[in-house]
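First comes the structure, then the notes that go with it.
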Amino acid sequence: MLRGSATSGLGRGHLLTVIGAINWDTSIFEDRFAKQGEEVPVNRVEEFSGGKGANVAVAAARILGKKHVAFVGALGKDDVSRKQLAELRREGVVTEGVAKLKGSQSGRAYIVIDGAGRKTIHTHFGANERMTVKHLKRPGVLRTIEEPQMIVVMDAPTEVGRRAVEMARGRGETVVYSPAVRTREGLRSLEPILRDAHYLVVDQIELRNLYPDRAEVNEEGIMRMVTATHPSLTLVATLGERGCAVTGEGVMTLVEGVDVASLGKKVVNTTGCGDAFLGVFASYLLLDFPILEAAKRANLAGALKATRYETRGSPSKAELEKEFDTLEKVRQKRPVPRVSRGAWPARRR
């Protein structure tokens, strides 16, 4: 499916381009969420680099290596933009496609995390929402989109995502689409992109957003509805601690989630878990791993991120493979199916 092997392409420029949001996160950690009108004490306040698109780019760079992942997005001309670009470059992400827009604030996210690691997110998208199709025509951005083997389109404005996907498909690139908040626009708005995408990656809330008027249909049913309409599309739904479901060519496969306690770890912050999943999933596809093997490692990456306070807490390739070997040994001691084509996984209680 990919043009040649990723290994052979490592010396010829970047392999992957990610288009999406970049935010500066203010994370507030407390024992429990406040009720309406209630004041609760805060245990700690941290600031991290974030934004779904940039998070995915960093997660992928930690797998594929420096200078093999590029990011396309928009920042304001402010102090935040300088910090953001410095962080991306430190991670080895190519930033030629990042615009700094005059008169705009860089995106900010305000995240509240409870004692179980669950979160609520309040985002001021700022410059992210001002990125337009014209931005894609800049010479540096054109190179960023036209050079790689794969493009991941995240929560960029829908028109920007649509044009980027058209450009990528026209050059034979593999297209991964993860619309995130754009799913609130409904399936019809996303149709032009879905027709050109190879993979659609969503979480449980985003999956529901695709068919907001079909509350009577369960998650499995929605996945089958989407892939029945788009038979060439592979749909991946992340299910949190339950793992993920991969649906394509009429077959749904459930890939077991990771219990971090079995690795001697504790969940502290689930912010960015889906981004770690996607960055690792795309990277292992580029490394020519079968889709289910890529999904297993992506599940683990998302779980490991949950054990870290920072938004971009995705693992390096060496760390991920080490933890994967440990997890396999743990699972060998208990007969639990890691991949199945059976019933939809129940939520843990």
- [ ] Could you give me the residue pairs with C-beta distances under 9 Å whose first residue belongs to segment 114-132 and is more than 27 Å from Val72 (Cα to Cα), whose second residue is of a type in the set (Phe, Trp, Tyr) wherever it lies, and which are 6+ apart or on separate chains?
- [x] Asp114/Phe29; Asp114/Phe33; Gly115/Phe29; Arg118/Phe33
Open item on the list: Quick check on segment 36-45. Is at least one of its residues closer than 19 Å to Lys83 by Cβ and either out of contact with any Phe, Trp or Tyr (no Cβ under 7 Å at 6 or more places or on another chain) or modelled with pLDDT of 95 or more (or both)?
Closed with: yes
TODO: Kindly provide the set of residues from segment 52-87 that are in contact with a Phe, Trp or Tyr (Cβ under 8 Å, 6 or more places away or on another chain) and surrounded by fewer than 24 Cβ atoms within 10 Å (Cβ to Cβ), ordered by number.
DONE: Val80, Lys83
TODO: Filter segment 256-284 down to residues that are in contact with a Gly (Cβ under 6 Å, 6 or more places away or on another chain) and either surrounded by fewer than 24 Cβ atoms within 10 Å (Cβ to Cβ) or assigned to a loop (DSSP other than H, G, I, E, B) (or both), then give me how many there are.
DONE: 6
Open item on the list: Being more than 19 Å from Val93 (Cβ to Cβ), in contact (Cβ under 8 Å) with a residue 24 or more places away in the chain and β-branched (Val, Ile, Thr) is the filter here; which residues of segment 20-58 pass it?
Closed with: Thr26, Ile28
- [ ] For Val94, state whether it is farther than 18 Å from Cys273 by Cβ, of a type outside the set (Phe, Trp, Tyr), assigned to a strand (DSSP E or B) and touching a Leu at 6+ places or on another chain (Cβ under 8 Å).
- [x] no
Open item on the list: Being closer than 30 Å to Gly240 by Cα, in a strand (DSSP E or B), of a type in the set (Val, Ile, Thr) and out of contact with any His (no Cβ under 9 Å at 6 or more places or on another chain) is the requirement here; does Thr123 meet it?
Closed with: yes
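The values are calculated or read from the model by the stated rules, or taken from the named source; none is laboratory data. Just so it is clear, the structure is predicted and the values come from calculations on it, not from any experiment. As a convention, Cβ positions derive from the backbone with ideal geometry for all residues, glycine included, and neighbour counts pool all protein chains shown.
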